[in-house]
Amino acid sequence: MQRLLLILIGLLSLCAGKHMPDPRVIITGKITGTIPDRIEYTLPVNGITYFGFENSVQPDTLGNFKIFLSIEKACFIELSNGYDAYGTVIAEPGMNYTLNINTENKKKGFVIACKSKEGQQLYNQNINRSMITGNFEEAAAEYRNDSNPDRIKESIKKRHETEIAKYRKLLSAGVISEDFYNLVSADRSYFYAGAQSSVALLNHLLSERNLNTLDVQAYSILWGEVFEDYPVSDPGLMRSPWFFYFTQSYLRYKALIENGINFNTLSEIRKQGLIHTHNINIARKYLSGTQLEYYYAAYLYYEAANKNYEKELIELFEDFKDHYALSEYTHFVESEIIPIITFHKKQNEAPNERIHVLDSFESISSLKEAAKKLDAERVYVDVWATWCGPCKKEFTHNSALYELLKKEGIAMLYVSVDKDEKHGKWMEMMKYYQLEGYHVRAGSKLIDDLQRLRGGDAFTIPWHILTDGDGNVLMKYAGAPSAIQTLEKQLSESRHVPDGNTYAE
C-alpha cells in the first residue's frame with residue numbers, strides 16, 4: 001500500500017510540473033485602404049467555428065486593431081465586415097499573428113506574418129474555405145452534365161488529394177504543425193465530400209423536371225457513400241466551417257432518399273408555415289447531444305439571417321432555449337431573432353401614408369406603363385424581391401436616398417419580382433422597411449419587359465434604374481442607395497440628357 005501511495009504521489013508531481021499549453025492567442029492587425037467601422041471575427045465555441053457566431057473589434061483611425069482569444073486547440077478564425085470576407089487565420093494556442101488587410105485588393109489583400117505563414121496563405125488562396133466565401137455547389141458545378149458516377153468520384157478524389165498534398169509537404173518541412181495539418185485535412189475532406197453530396201442533391205432536384213444526368217439509383221448511391229466514408233458523427237467535423245452545410249446535406253439525404261419525402265409533401269408543409277419545424281424534427285431524429293445543439297442553433301441563425309421574418313422561427317427559438325437553457329450559442333441566435341419579433345410587431349402600427357400600391361398593378365405590362373402612372377419628370381426604380389438579402393440591405397440607406405430624391409424632384413418606384421404566393425410577405429416588408437413611394441409587384445409581362453431591358457446581361461437584383469416621366473431609360477444601371485454620392489452625381493448629370501436617350505449603361 002505504501003509503495004502504491006508513493007507511485008501516486010510521483011504521478012501527481014509529474015502532472016503538477018507539466019505546463020499546459022498557453023491558451024492565449026493575439027491577432028494584431030493593420031488595415032490599409034478604406035477602414036471599416038468594425039472587424040468581425042468568428043468566435044470559436046469549444047473549438048467550433050460558424051460564420052454567424054462572432055464578435056467584433058473597432059479599428060482605430062489608423063486602421064490598427066487587436067483581437068485577444070483563449071483557445072484550447074487549433075481552430076479557424078474568419079475575419080470579415082458583414083459578408084465581405086477578408087481572410088482566415090488558422091489559430092493555435094499560445095501563438096501570435098500579425099495581419100495586413102488591404103480592403104482595396106481582394107486577391108492579395110490578406111497577409112499573415114507568423115511561423116505557419118506559408119500554410120496560412122495556402123489556405124486563404126482557396127475561395128471555398130468558408131460559408132461566407134463559397135459553397136459545395138461551386139465545386140460540384142463542373143459535374144452538372146456528367147452521367148458517370150465513378151468518374152465524378154475519381155475526379156473529386158483527385159482534386160482533394162492534390163490539395164492535401166500541398167499541406168503534407170509543408171508538414172514534412174516543419175512549416176506547419178501536426179495540429180494545423182490535422183485541422184485543415186479534416187476540413188478539406190469534408191468540403192470535398194460535401195461537393196460529392198451536392199452533385200447527388202442537384203440531380204435529385206433536377207429529377208423533378210426530368211433534367212437529371214444521373215438516374216435515381218446512381219445518385220442515391222453516390223450520395224449515401226459520402227456519409228459512409230465521412231460520418232456526421234465524427235467529432236472532427238464540428239471543427240470545420242463546413243459542419244452546417246455537410247450536416248444539412250446528410251439530413252436531406254435521410255429525408256428525401258431514405259424516407260422518400262417528395263417535393264409535393266414539402267411544398268404543402270411550406271404552405272402551412274411549418275417547413276422549419278419539419279427540418280428541425282428531421283435533425284432531432286438523426287442527431288443528438290452537442291451536434292444537435294450546434295446544428296439547431298446554426299440552423300436558426302442561418303434562416304433568421306435570410307430576413308424572411310418567418311414567425312415560425314420565433315417559436316423554434318423558444319423551443320431551443322427550453323432544451324438548451326445554458327447554451328453558449330443562444331445570444332448569437334437571439335441577435336437574429338429579435339428583428340423577426342420587431343417585424344411582426346411593426347405590422348400592427350398605423351400605415352405610412354407615403355406608401356402607395358399602384359391600382360391594378362397586376363395588369364401593368366411594361367416599365368414605361370408603370371412610370372407614366374407616377375406623373376413625374378424622372379423616376380428612380382428599385383427592382384427587388386422579399387427573398388433578396390442584398391436588396392433588404394440597401395433599404396438601410398433609404399433615409400439618405402429619399403432626401404436626395406426629394407431634392408431632385410424624382411419619384412420612387414419599387415418593382416417587386418415576387419411570385420403570387422409572396423403577396424402577403426411583400427405587403428409586410430414594404431411596411432416593415434417603410435418603403436416610401438409607389439409599388440408594383442410584377443406580373444409575367446412586366447418581368448418579360450424587364451428581361452428585355454436587361455438584354456444579354458444576367459438578371460440580378462437589386463437593380464436600380466432611372467427613367468424619364470414616360471418610362472424611357474436614362475440610366476440602365478443607376479447607383480444604389482448605399483453609393484449615395486455616386487448616385488447624386490448621376491442624377492445631377494441626368495438632368496441634361498435629351499428625352500428618350502440613355503445616359504449610362
> Can you pull out the trypsin sites (Lys or Arg not before Pro) in segment 385-492 that DSSP calls coil and that have at most 16 other Cβ atoms within 10 Å?
Replying inline: 419
> Looking at the square roots a ≥ b ≥ c of the eigenvalues of the Cα gyration tensor of segment 430-502, which shape do they give, rounded for a/c under 1.5, prolate if a/b is larger than b/c, or oblate?
Replying inline: oblate
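I need the GluC sites (Glu not before Pro) found in segment 92-155, filtered to DSSP loop residues with at most 11 other beta carbons within 10 Å of theirs. Please list the in-between numbers first.
Numbers: sites: 104, 118, 137, 138, 142, 154; in loops: 104.
Sites meeting the loop and neighbour criteria: 104.
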> If you roll a 1.4 Å probe over the heavy atoms of the protein chains, what accessible area per residue do you get for the chain, in Å²?
Replying inline: 51
> Given the C-alpha centroids of segment 148-205 and segment 270-292, what is the distance between them in whole angstrom?
Replying inline: 28
>> Suppose accessible area is computed on protein heavy atoms with a 1.4 Å probe; arrange 215, 322, 449 from highest to lowest.
In response: 322, 215, 449
>> Compute the distance from the alpha-carbon center of segment 319-357 to that of segment 369-385, in whole Å.
In response: 32
> So what J values fall out for segment 193-204 if you push phi through Karplus, 6.51 cos²θ - 1.76 cosθ + 1.60 with θ = phi - 60°, rounded to Hz, Gly and Pro as x?
Replying inline: 5, x, 5, 5, 5, 5, 4, 5, 4, 4, 5, 5
> By its C-alpha gyration tensor, with a ≥ b ≥ c as the square roots of the eigenvalues, how is segment 267-369 shaped: rounded for a/c under 1.5, else prolate for a/b larger than b/c, else oblate?
Replying inline: prolate
> Across segment 366-381, in residue order, what do the Karplus-derived ³J(HN,Hα) couplings come to in whole Hz, using 6.51 cos²θ - 1.76 cosθ + 1.60 with θ = phi - 60° and x for Gly and Pro?
Replying inline: 8, 5, 4, 4, 5, 5, 4, 5, 8, 6, 10, 6, 9, 9, 9, 10
> Which part of segment 233-269 falls in the paramagnetic zone of residue 328, meaning amide N under 13 Å from the point 7 Å along Cα-to-beta-carbon?
Replying inline: 239
> What are the lysines whose alpha-carbon lies under 19 Å from the alpha-carbon of residue 117, with same-chain residues fewer than 8 places away excluded?
Replying inline: 30, 66, 73, 106, 107, 108, 166, 169
> Which of 264, 186, 219 sits farthest toward the positive end of the charge dipole of segment 179-324, with +1 on the Cβ of Lys and Arg and -1 on the Cβ of Asp and Glu?
Replying inline: 264
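Here is the link list: 311/393; 345/406; 393/419. Which ones come out longer than 26 Å on Cα distance?
Numbers: 311/393 20 Å; 345/406 29 Å; 393/419 21 Å.
Long pairs (Cα-Cα over 26 Å): 345/406.
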>> Given the -39500 (n - 2.57) contribution per DSSP H run of 4+ residues, what per-residue ellipticity at 222 nm results for the chain, rounded to the nearest 500 deg cm²/dmol?
In response: -14500 deg cm²/dmol
> Where in segment 251-265 does the label zone of residue 209 land, with the point 7 angstrom along Cα→C-beta and an amide N cut-off under 17 Å?
Replying inline: 263-264
> Using the alpha-carbon atoms, what tilt in degrees (0 to 90, nearest 10) does helix 330-346 show relative to the longest principal axis of the chain?
Replying inline: 20
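Once the Cβ-Cβ distance between residue 485 and residue 217 is put in as r, and R0 is 60 Å, what FRET efficiency do you end up with, to the nearest 0.05? Each step should come with its number before you reach the end.
On the way: r = 58 Å, r/R0 = 0.97.
So the FRET efficiency works out to roughly 0.55.
On full extension of the chain, what length is gained from residue 22 through residue 83, given 0.36 nm per residue of separation minus the C-alpha to C-alpha distance? Spell out each step's value before the answer.
Numbers: separation 61, 0.36 × 61 = 21.96 nm, distance 3.19 nm.
Roughly 18.8 nm would be gained on extension.
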>> Antiparallel versus total DSSP beta bridges in the chain: what percent is that, nearest 5?
In response: 60
> Of all DSSP beta bridges in segment 367-481, what percent run antiparallel (nearest 5)?
Replying inline: 40
>> Show me, for segment 213-220, the HN-Hα J-couplings you get by feeding each phi into the Karplus relation (A = 6.51, B = -1.76, C = 1.60, θ = phi - 60°), rounded to Hz, glycine and proline as x.
In response: 8, 9, 6, 4, 4, 5, 6, 5
> Label points 7 Å out from Cα along the Cβ direction at residue 115 and residue 32: separation in nm?
Replying inline: 2.8
> Magnitude of the Cβ-charge dipole of the chain, K/R +1 and D/E -1, about the Cα centre, nearest 20 debye?
Replying inline: 1080
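Fully extended, how many nm does the chain gain between residue 372 and residue 393 (0.36 nm per residue separation, minus their Cα-Cα distance)? Please list the in-between numbers first.
Details: separation 21, 0.36 × 21 = 7.56 nm, distance 2.82 nm.
Computed gain between residue 372 and residue 393 is 4.7 nm.
At a Förster radius of 30 Å, what calculated FRET efficiency corresponds to the Cβ-Cβ distance of residue 354 and residue 460, to the nearest 0.05? Intermediate values should be presented prior to the final figure.
On the way: r = 28 Å, r/R0 = 0.94.
Here the calculated transfer efficiency is 0.60.
Mind checking the full-extension length gain between residue 225 and residue 127? Use 0.36 nm per residue of separation minus the Cα-Cα distance, one decimal, nm.
Details: separation 98, 0.36 × 98 = 35.28 nm, distance 2.58 nm.
Stretched fully, the residue 225-residue 127 segment lengthens by 32.7 nm.
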> For segment 264-347, which GluC sites (Glu not before Pro) are in a loop by DSSP, counting at most 16 other Cβ atoms within 10 Å?
Replying inline: 328
> Which distance in nm do the two modelled labels at residue 305 and residue 453 give, with both placed 7 Å along the Cα-to-Cβ direction?
Replying inline: 3.3
> Say a paramagnetic label sat at a point 7 Å from the Cα of residue 166, along Cα to Cβ; which residues of segment 105-141 have their backbone N under 12 Å from it?
Replying inline: 118-129
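The values are calculated or read from the model by the stated rules, or taken from the named source; none is laboratory data. Keep in mind it's a predicted model, so treat the numbers as computed, not measured. We place every Cβ from the backbone using ideal geometry, glycine too, and count neighbours over all the protein chains shown. Protein only, heavy atoms only, side chains kept; ligands, DNA and RNA dropped before computing areas. Shrake-Rupley method; radii C 1.70, N 1.55, O 1.52, S 1.80 Å.
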